[in-house]
Amino acid sequence: MAAPVCRQGLRPRALSWSRQLPWTWSALHTSAVRAKNRAARVRVGKGDKPVTYEEAHAPHHIAHRKGWLSLHTGNLDGEDHAAERTVEDVFLRKFMLGTFPGCLADQLVLKRRANQVDICALVLRLLPAHKFYFLVGYSETLLSHFYKCRVRLHLQTVPSKVVYKYI
């Protein structure tokens, strides 16, 4: 009785819902694992693509050739609220990107020290100085009220994006 059941499982079966594939076989398919990490890497081109220092180094070089972009003690053993700090980092980055539209030259560096958040950024000189002063005061005041702690912006202006090398 077991033999007809096994033979029946390997016979082609018609699918009523498929018109393109009228027959299918029930079998197990496997493939080889390809362990190649390509995330957060800049593709190599003809040598005409400008990249910054952060983009030029692969993610596995963090803490060897480049530093962390978010400095806090949330990832230490026994510390709580690491997920909340990550969500706050994403919010701060999106807030700054929206407050200074098209003016950020590179990634933000977020530093948490005791009851203070420092935001360091390179900013392009696309706006007049008085608008930058207003946006800095606006951002510091609004974020200080959101997070109930002191938020400081440390901006450095550059005439154009800083190119580390061409890939």
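LYS111 falls short on exactly one of the conditions (1) open to solvent by 60 Å² or more (accessible area, probe 1.4 Å); (2) in a strand (DSSP E or B), and that condition is (1). Residues in the range 49-86 that are of a type in the set (Asp, Glu) and closer than 30 Å to ASN115 by Cβ: GLU54, ASP77, GLU79, ASP80, GLU84. Pairs meeting the criteria (first residue in the range 115-144 and under 16 Å from GLY98 (Cβ atoms), second residue assigned to a helix (DSSP H, G or I) and among the aliphatic types (A, V, I, L, M), beta carbons under 9 Å, at least 6 apart or on different chains) are ILE119/LEU92; ILE119/MET96; ILE119/LEU143; ALA121/MET96; LEU127/LEU135; SER139/MET96; LEU143/LEU92.
Residues of the range 50-103 that are assigned to a loop (DSSP other than H, G, I, E, B) and surrounded by 12 or more Cβ atoms within 10 Å (Cβ to Cβ): THR52, HIS57, ALA58, TRP68, LEU69, HIS72, GLY74, PHE100, CYS103. Here LEU135, LEU126 are screened, and the one residue that is part of a loop (DSSP other than H, G, I, E, B) and over 24 Å from the mean Cα position of the chain (by Cα) is LEU126.
The values are calculated or read from the model by the stated rules, or taken from the named source; none is laboratory data. Predicted model, so just to flag it, every value in this text is computed and none were measured. Cβ coordinates were reconstructed from backbone atoms using ideal geometry, including for glycine residues, and neighbour counts include every protein chain displayed. Ligands, DNA and RNA are stripped out before the accessible areas are found, and what is left, the full protein with its side chains, is counted by its heavy atoms. Shrake-Rupley method; radii C 1.70, N 1.55, O 1.52, S 1.80 Å.
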